[in-house]
Amino acid sequence: MGCLVALLSGCSSWHHVAIFSHGADLENESSDSSPPSMSSASPVSSVLKPAPSLPSVSKPTTSSENSPPEIVSDIIAQSADDSHLPWKLEDVYFDYDQYSIRKETVSTLRQNAQVLLKRYPTREVLIEGHCDERGTEEYNLVLGERRAMAVKKYLIDLGVSASSIRVLSLGKHAPFCLQSTLQCFQQNRRAHFVLK
């Protein structure tokens with residue numbers, strides 16, 4: 001014990017030291033805040049002090065507990081409305097040598113418009129117009145631009161800001177499918193969306 005006191009007294013900064021024991025002394029500590037009994041003649045008893053008791057910690061309150069019920073229900077309703085929306089924009093496909101919007105693609109365009117309005121309201125989108133490999137390069141560049149412009153106009157009619165949409169025709173230069181089959185041609189006649 002004398003070595004411990006000598007070591008402690010040689011420190012330049014002084015820290016409170018607590019002594020914890022096991023067994024029956026724990027019961028005494030919980031009812032009495034004084035340290036375990038030591039003789040008053042011991043120099044250690046004047047040096048060692050009990051650890052201060054920690055304040056009780058209450059459960060933190062969440063913002064929903066403090067918010068008015070109508071605000072919380074509005075937030076939940078908005079997130080529930082948007083939860084069915086995907087994060088990805090789906091391609092729109094066209095018939096051979098056509099740039100008019102097909103009936104089968106209307107639901108895809110409506111979903112894409114909702115994704116742009118609700119998930120990406122501050123982002124710009126590039127609509128790429130693509131064609132299959134048939135036809136001349138010049139013809140397919142014009143057709144690709146018309147496809148992209150038709151999709152842009154449809155999205156604007158659905159409420160998407162015209163200033164957030166750009167178009168680019170790639171013609172037949174960036175095919176999705178590389179085989180010379182009718183199924184591949186259909187996959188290549190598309191408007192593809194790229195978020196910026």
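If you take all C-alpha pairs in region 86-195, what percent of them are over 19 Å apart?
Taking all Cα-Cα pairs of region 86-195, the fraction more than 19 Å apart is 39 percent.
Whole-Hz Karplus ³J(HN,Hα) for region 160-174, in order, using 6.51 cos²θ - 1.76 cosθ + 1.60 and θ = phi - 60°, x for Gly and Pro?
Each residue's phi maps through the Karplus curve to give 6, 5, 4, 6, 9, 10, 10, 10, 8, 9, 10, x, 9, 7, 10 Hz.
Give me 130, 84, 173, 192 sorted ascending by neighbouring Cβ count inside 10 Å, so fewest comes first.
Neighbour counts put them in this order, fewest first: 84, 173, 192, 130.
Could you go through region 96-106 in sequence order and give the Karplus-derived ³J(HN,Hα) for each residue, using 6.51 cos²θ - 1.76 cosθ + 1.60 with θ = phi - 60°, rounded to whole Hz, and x for Gly and Pro?
Each residue's phi maps through the Karplus curve to give 4, 6, 10, 10, 7, 6, 7, 4, 5, 9, 4 Hz.
Each residue of region 135-141 in order: what ³J(HN,Hα) in whole Hz does its phi give by Karplus 6.51 cos²θ - 1.76 cosθ + 1.60, θ = phi - 60°, with x for Gly and Pro?
Rounded to whole hertz, the list is x, 6, 4, 5, 4, 5, 5.
Arrange 141, 195, 109 by Cβ neighbour counts within 10 Å, fewest through most, would you?
Arranged by neighbour count, lowest to highest, 141, 195, 109 become 195, 141, 109.
Read-outs throughout are calculated quantities, based only on the coordinates presented, and are distinct from any laboratory measurement. These numbers come from a predicted model, not from an experiment. Heads up, the Cβs are rebuilt from the backbone with ideal geometry, glycines too, and the neighbour counts pull from every protein chain shown.
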